[in-house]
Amino acid sequence: MAAMRDIKKRINATDKTSQITRAMYMVSASKLKRAERNITNFRPLTKRLTASLSRVMQSDPDITHPMFESRDVDKTVYILVTSDRGLAGPYNASLFKAFLAYVNKHHGSHDEFAVAALGYKAYAFAKRKGFTLINENVIQVRDDIQFLDFQEVTDDFIKGYLSGKYDNVVAFYNHFVNTLTQKVEHQTLLPLDKSPYIQPEQAPSERYKRMYHFEPSASTVLNQLLPTVVVYVLYGMILEAKASEHAARMTAMKSATDNAKDLIRDLKLRYNRARQDAITIELTDIIGGAEAVN
């Protein structure tokens with residue numbers, strides 16, 4: 001009887017767990033749709049900004065800016081975009097594994113780089129590994145994250161790059177491919193000549209030539225536009241990471257729910273066998289007592 005009670009408790013506990021994972025799956029599925037919509041709505045803005053930047057650069061062949069100039073790399077800033085919570089399958093672990101492999105390949109000491117952690121998991125990982133952090137406090141990556149949430153970090157690494165404190169800024173994040181596939185990628189934010197997001201503007205197909213006049217000057221517009229482009233590109237990476245997080249959590253919770261159902265089915269079989277054994281023992285005792293009386 002004790003074994004039957006233990007199995008019954010496990011069945012009830014597993015069933016309650018499956019209800020929680022099923023609810024989390026449904027919540028993540030809903031959030032994923034909203035995250036996909038945010039990405040779709042944001043991508044045209046990034047294209048417009050990069051196109052405007054290309055027009056400014058093409059307006060004057062001699063125009064230049066420190067954010068476009070490559071230099072010898074002595075200090076690198078790595079931006080890690082992770083989640084605040086777990087239960088998302090390999091979402092965070094895959095990023096940490098890729099980051100450590102990259103660091104071990106390109107750096108011989110922790111003094112050669114610093115980490116900007118976006119998300120509690122990234123902050124805890126950097127603290128645990130003893131990396132230098134440029135943000136003293138945890139920056140939470142909320143579902144409705146805004147520019148103000150990570151403005152302090154962006155101001156820090158942009159000013160540090162312009163002053164020569166940092167020579168390279170690289171972001172690690174999960175790129176959203178589809179619901180079942182999220183790919184860890186790293187992209188260079190600074191200098192911008194290595195960024196894949198900055199592409200020359202394609203010549204218009206019209207017969208006339210477009211002409212742009214920038215006030216007060218093209219260099220002034222460039223000085224104002226470049227930090228904005230960097231921040232918006234990083235924000236786009238965060239949106240990609242949020243969609244990947246919800247997709248990974250949705251997949252993980254579906255797997256957990258399926259595993260719980262399989263476990264409940266096995267436990268019920270064990271419970272029924274134990275119940276049949278108990279009934280058989282009771283019947284044997286009854287028959288044996290009746291025969292003893294006779």
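The values are calculated or read from the model by the stated rules, or taken from the named source; none is laboratory data. The structure displayed is predicted, hence computed values, not measured ones. Please note: Cβ atoms are built from the backbone with ideal geometry, for glycine as well, and neighbour counts cover all protein chains shown.
Key figures for this structure:
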quantity	calculated
Close pairs (8 angstrom Cβ cut-off, 6 or more residues apart or separate chains): on the phi > 0 side of the Ramachandran plot and in contact (Cβ under 8 Å) with a residue 12 or more places away in the chain in region 270-294, part of a helix (DSSP H, G or I) and not small (Gly, Ala, Ser) anywhere	none
Tally of residues being within 14 Å of the chain's Cα centre (by Cα), of a type in the set (S, T, N, Q) and more than 16 Å from Arg85 (Cα to Cα) across region 124-180	2
Residue within region 85-93 that is within 29 Å of His106 (Cα to Cα), part of a helix (DSSP H, G or I) and modelled with pLDDT under 85 present	no
So Arg34, is it surrounded by fewer than 18 Cβ atoms within 10 Å (Cβ to Cβ) and closer than 16 Å to Ser244 by Cα	yes
Flag if Val77 is part of a loop (DSSP other than H, G, I, E, B) and touching a residue at least 12 places away in the same chain (Cβ under 8 Å)	no
Region 188-227 - residue that is within 21 Å of Lys165 (Cβ to Cβ) and among the polar types (S, T, N, Q) and, of those, modelled with the lowest pLDDT	Ser195
Near pairs, Cβ below 7 angstrom, 6+ apart or cross-chain, from region 7-27 (part of a helix (DSSP H, G or I)) to any residue that is of a type in the set (S, T, N, Q) and surrounded by 16 or more Cβ atoms within 10 Å (Cβ to Cβ)	Ser18/Thr257; Thr21/Thr257; Arg22/Thr257; Tyr25/Thr257
Checking Pro61 against (1) touching a residue at least 60 places away in the same chain (Cβ under 8 Å); (2) out of contact with any strand residue (DSSP E or B) (no Cβ under 8 Å at 6 or more places or on another chain), the condition it does not meet	(1)
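The rows are residues; the columns are (1) more than 26 Å from the chain's Cα centre (by Cα); (2) surrounded by 15 or more Cβ atoms within 10 Å (Cβ to Cβ); (3) modelled with pLDDT of 95 or more.
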residue: Leu53; (1), (2), (3): yes, yes, no
residue: Gln58; (1), (2), (3): yes, no, no
residue: Asp72; (1), (2), (3): yes, no, no
residue: Leu80; (1), (2), (3): no, yes, yes
